[in-house]
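Written out below as structure tokens is the structure these notes cover.
Since every read-out is calculated from the coordinates, none of them should be taken as a lab result. This is a predicted model, so every value here is computed, not measured. Every residue, glycine among them, receives a Cβ derived from its backbone with ideal geometry; neighbour counts consider all protein chains shown.
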Amino acid sequence: MSKTATAGNKGKSIRSDCSVTLEITDSGGIQIDLQSKVKTLFGDSIIDLCKKELVFFGIKNCKIKIEDSGALDYILTARIEAAIKMCIETDKEFLLEMLPQNKYKTKKDSYRRSRLYLPGNTPKLALNAGIHNADGIILDLEDSVAPSKKFEATILVRNALRSVDFYGAERMVRINQIPKGLNDLKYIVPHNVNLILVPKCESAEQIRLVNEKIDEISKKNKVKNPIYLMPIIESALGIIKAYEIAMASENVVALAIGLEDYTADLGTQRTKEGKESFFARCQVVNAAKAAGIQAIDSVFSDVSDMEALKKNVLESKSLGFDGMGCIHPRQIKVIHEYFAPNEKEIEKAKKIVNAFHVATEKGLGVVSLGSKMIDPPVVKRAQRTIEQAIDAGKLEKTWRKDY
Amino acid sequence: MKFNKNAVGRKIPETINGKPVIPFKGVGKYKPTGRKFAPKIATCADYPLDGNKLVPSLKEALIKAGIKDGMTISTHHHFRNGDLIAVEIFKIAQELGIRDLVWYPSASFPCQEPIIEQLENGTIHHIEGSMNGPLGRFASQGKMKGVGVLRSHGGRYQAVQDGDVVIDIAVIAAPTADPFGNANGVEGPSACGLLGFALADSQYADKVIVVTDNLIDFPCIPWQIHGNYVDHVVQMGQIGIPEKIVSGTTQITKSPDRLHIAEMTAKFCDEAELIKDGFSFQAGAGGTSLSIGIYFGEIMRKKGIKARFARGGSNKYLVEMLEEGLVEYILDGQTFDLEGVRSMRDNPRHVNTSPFTSYNYHGKGNFAGILDIVILGATEVDVNFNANVVTHSDGYLLHGIGGWQNCLFGKNVILPIPLFRDRIPVIRDEVTTICGPGELIDIIVTERGIAINPLRKDLIDKMKNSNLPIKTIHELKEEAERICGKPKAVEFEEKIIAAIKWVDGTVIDVVKQVKE
């Protein structure tokens, strides 16, 4: 291990982050050099916190330079911890108190229409991510994090899970590809992650490995909350194994497709029309539905073209997908609006749900509409459509009053 | 020095720059008596009968105007960050060995940083006007010889009209002028739209110099500035940098967080029934305000209604709304882009205004109060809705007041602001500097919630069943502090570096030197 290390980011465009350079020395005590744009207002508290953390890790002599661009405490402490762990071997973790409102659970069939990707090592994007109303927020440890920054990102993501309020969005983390991603789990499983995305998934075995590790960590840390999995299929082999993966475990709640890597694997280009991925998308939808779970489409990468996104969403929905990824908060609204049921679907669902209520009120065992009998799964789907319509603001909660 | 507490509880010294001042007494409480300031009587006998007032150089014009120690010299910010004239004036003054001038700009911009040299060497005693960026920092460090005085655009007109400030020499940079001194801002390579900020100066200054890089034959039409007020005309190679006149701050924001705030603001206005047929609004130049204007447009189209007028800062988006018929008139205080300039030149419904018509508090009314919706910014707001626009939370003076104070008289004043910036909470127990009293500020919209001033019971009632996140200002403050931590109080030196005037010429607050 080296005696000096640097973690974090600095530079003109960096905000809400800091760069920490640590040098372990043999004598001279703790020397802190703080440069901060918020020094007047927070300088003392930053220095106190830094000292507390150094003492926690048993460091008595060091030179530490903090170049701060407005990092919150959880970011600052993550950067310091990363720098320390690059210098000394330790299993200790410097944890700030978890926000009580972050301890919520999600359900197997929670809405997963939109899931917003946040680069795991770019804290400024995480602070306000929750205000945009995505169904899920993904702290990404995989492709959006540079290889040299992977380690510090895991600590930052751990701290973000504890300290950032995502206002009810499903708390997701995309770990690295298996087997490397198994090492990420200890940083996230104990901190109330709701769902883990398993990228480039190609077998049920990979899911088994992930669950084995989750169980081991959960036991050790007395984790009780359910942790769901969303494997991402991103290769030709993965597509062939889609059903096996979807069925691999009870906690697999959705199957997602990643088209950038998939088209690369095929040796072709991703086009707007998407003919090259038509088979794969259908396969993922089919496998997911056969397993009784959700199917989630790839991200749409042109963040400025809302018209094209809308078309993409409508196509996704018509293929049977339940949601898709977002790489910019502006996409969320469009995705919610067009994954939501349209007028025709709502009208049809209203009829069915109403017939169901009428039948229940009359104590009839069979729901019928006109001369047609309605099967329970159809009723269930209609109820889901109504829920979605209300959620999207397309239908009043009290619609049956005037029906 | 003796201090008096003013109506918002701030301690105001009895004199500033050796002149007695009146502490703020409350909104509408101070009523001046007496008559307005009158300029000297001129006679045509002293001016060329053929109307040719051309002088070969700015230096000669300043000498002819009698520049000497201790004078007050005014300039204007129509060229925004592309102005070349203010710096030139004080370079010349320094060459001539003049000392202790007062610079009275309608606003300063970072391009005027070189003036720090004249502030340091004693050519300039102090600035009465906004101090943006580097000049503000310089002042905050206690390096300016005199005390800065900040006024709103309306307050600047009021101060000149009332004789609080007597301008010895006004230098008006004009995109187009004739040798008689008639001038406008709609033509020429440095076209900036209008010259409203120079109106008071032309009417009341002792000497008026018009500087142009586009001299045309008499008559220069429209004559936004009348040559009858002008002493000398100077033709120069270049008076402004066109691409900096149209500033970069007038782009629609791409920041998702700001768009979110803009959308919430528009939704609030819609739900509170403020957007109705024949309403009026003011949209500022910032990215968030621009987006709000666009959301307003969407709502108006959907409802099939029109706005009677919009108050600019005009830009291409507002011009599009005018041309689409969504807005019947633009009453413009300054143009922010070339589309605004074109529209003002060609469209009679795009009207140029001055701080006299829009903002002057010592007049028989002004139209700021007629506005239904006013969108403004702030660096800080406190739990009593008092707001700050001139200093940052670390105590540095970095912005001017602009038309901000004047617009507070609108019927519904909304501040869309983030809850925190770079970990600094925007909602505080007490603002560093009070620029506007809370009783005039109605709604704070942040990304995490909307606070309505308890004085606005009507709005609170209307929004009772709204799905928007309506919270109290205290809840917002606590939420900000939960995220950011509670900032330490800033320490200041005893030295006062600037006074903040209210629209009626009284002093609402002072800014002290920052402890470094």
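Within 10 Å of the Cβ of each residue in A:32-41, the mean number of Cβ atoms contributed by other protein chains is 5. Counting every alpha-carbon pair across segment B:370-516, the share separated by more than 27 Å comes to 21%.
The dipole here belongs to the protein assembly as shown: it is taken about the Cα centre, uses +1 on the Cβ of Lys and Arg and -1 on the Cβ of Asp and Glu, and is about 2340 debye. One decimal place: the segment residue A:220-residue A:33 gains 63.5 nm when fully extended, by the rule 0.36 nm per residue minus the C-alpha distance. Of all beta bridges that DSSP places with both ends in chain A, some 30 percent have antiparallel geometry.
Calculated mean residue ellipticity, 222 nm, chain A: -12500 deg cm²/dmol, from DSSP H runs (n ≥ 4) at -39500 (n - 2.57) each, averaged per residue and rounded to 500.
Note on chain B: antiparallel DSSP beta bridges, both residues inside, total approximately 35 percent of the bridges counted. Counting only other chain Cβ atoms within 10 Å of each residue's Cβ, the peptide B:421-427 averages 6. Its DSSP H runs of at least 4 residues, each contributing -39,500 (n - 2.57), put the calculated 222 nm mean residue ellipticity of chain B at -7000 deg cm²/dmol, to the nearest 500.
The GluC sites (Glu not before Pro) found in segment A:224-270 that occupy coil by DSSP, while having at most 13 further C-beta atoms within 10 Å, are A:250.
Pairs exceeding a 19 Å alpha-carbon distance, out of A:275/A:311; B:143/B:486; A:310/A:380: B:143/B:486; A:310/A:380.
When peptides A:279-290, B:62-73, B:101-112 are sorted by average Cβ neighbour count within 10 Å, with the highest value leading, the order is B:101-112, A:279-290, B:62-73. Simple spin-label estimate for residue A:48 and residue A:95 gives 2.3 nm between the two label positions (7 Å along the Cα-to-Cβ direction from each Cα). Pair-distance distribution of segment A:243-339: all C-alpha pairs, bin width 5 Å, starting at 0; shares per bin in whole percent are 2, 14, 24, 23, 20, 12, 4, 1. The share of Cα pairs per 5 Å bin across segment A:66-216, counted from zero up to the longest distance, runs 2, 9, 19, 22, 22, 15, 7, 2, 1, 0 percent.
Hey, if you put +1 on the Cβ of every Lys and Arg and -1 on every Asp and Glu Cβ in the protein assembly as shown, which of A:136, B:92, B:56 ends up farthest toward the positive end of that dipole? Sorting the options by dipole projection puts first A:136. Here residue B:5 is the anchor, and the lysines within straight C-alpha reach of less than 19 Å, apart from those fewer than 8 places off in the same chain, are B:19, B:25, B:29, B:31, B:495, B:501, B:512.
Nearest-5 percent of antiparallel DSSP beta bridges in the protein assembly as shown? Roughly 30 percent of the DSSP beta bridges within the protein assembly as shown come out antiparallel.
Ordering B:131, A:349, B:319 by Cα displacement along the dipole of the protein assembly as shown toward the positive end leaves A:349 in first place; charges were set at the Cβ atoms of Lys, Arg (+1) and Asp, Glu (-1). One equal scatterer on each Cα of segment A:343-402, no solvent, Debye formula: the resulting log10 I(q)/I(0) at q = 0.15, 0.19, 0.22 Å⁻¹ is -0.42, -0.66, -0.86.
For a straight C-alpha distance cut-off of 12 angstrom, the aspartates and glutamates reachable from residue B:40 (same-chain residues fewer than eight places away being disregarded) are B:168, B:206.
In this structure, the pairs whose alpha-carbon distance is over 25 Å, taken from A:394/B:457; A:92/A:219; A:12/A:272, are A:394/B:457; A:12/A:272. Where in segment B:452-477 does the amide nitrogen come within less than 16 Å of the point 7 Å from the Cα of residue A:396, taken along Cα to Cβ? Residues B:465-467 qualify, since their backbone N sits under 16 Å from the label point. Could you check which residue among A:375, A:302, A:33 shows the biggest mean-square fluctuation in a GNM of chain A with a 10 Å Cα cutoff? Highest fluctuation of the listed residues: A:375.
Mind checking which lysines have their Cα closer than 16 Å to the Cα of residue B:303? Skip sequence neighbours fewer than 8 apart in that chain. Hits, sequence-local ones excluded: B:267, B:276. With both labels modelled 7 Å from their Cα along Cα-to-Cβ, the residue A:244 to residue A:337 distance reads 4.3 nm. When chain A is treated as a Gaussian network with alpha carbon springs shorter than 10 Å, the biggest mean-square fluctuation among A:291, A:355, A:392 belongs to A:355. Peptide B:255-262 has a mean of 4 when you count, residue by residue, the C-beta atoms of other protein chains within 10 Å of its C-beta. Backbone amide hydrogens, once placed in the peptide plane, bring residue B:313 within less than 5 Å of B:333, B:334, excluding anything fewer than 5 places away on its chain. In this entry, segment A:1-122 is assigned a mean projected area of 9.9 nm², taken as a quarter of its C-alpha convex hull surface. If one puts a single equal scatterer on every Cα of chain A and applies the Debye formula without solvent, what log₁₀ I(q)/I(0) results at q = 0.07, 0.11, 0.13 Å⁻¹? Those come out to -0.39, -0.86, -1.11, one per q.
Taking the convex hull of the alpha carbon positions in segment B:36-172 and averaging its projected area over all directions gives 8.8 nm². Using 0.36 nm per residue and subtracting the Cα-Cα separation, the extra length available between residue B:29 and residue B:461 on full extension is 152.6 nm. Each label point was placed 7 Å from the Cα along the Cα-to-Cβ direction; for residue A:143 and residue B:15 their separation is 7.2 nm. Over segment A:100-339, the hull volume per residue, using the convex hull of the C-alpha atoms, is 113 Å³.
As a size descriptor, the averaged projected area of the C-alpha convex hull of chain B was calculated at 23.0 nm². Pairwise Cα distances in segment B:248-497 exceed 27 Å in 35 percent of cases. Going through segment A:304-381, which trypsin sites (Lys or Arg not before Pro) have at most 15 other Cβ atoms within 10 Å and a DSSP loop state? Answer in residue order: A:362.
Size descriptor for the protein assembly as shown, Kirkwood hydrodynamic radius: 31.2 Å (Cα pairs only, one decimal).
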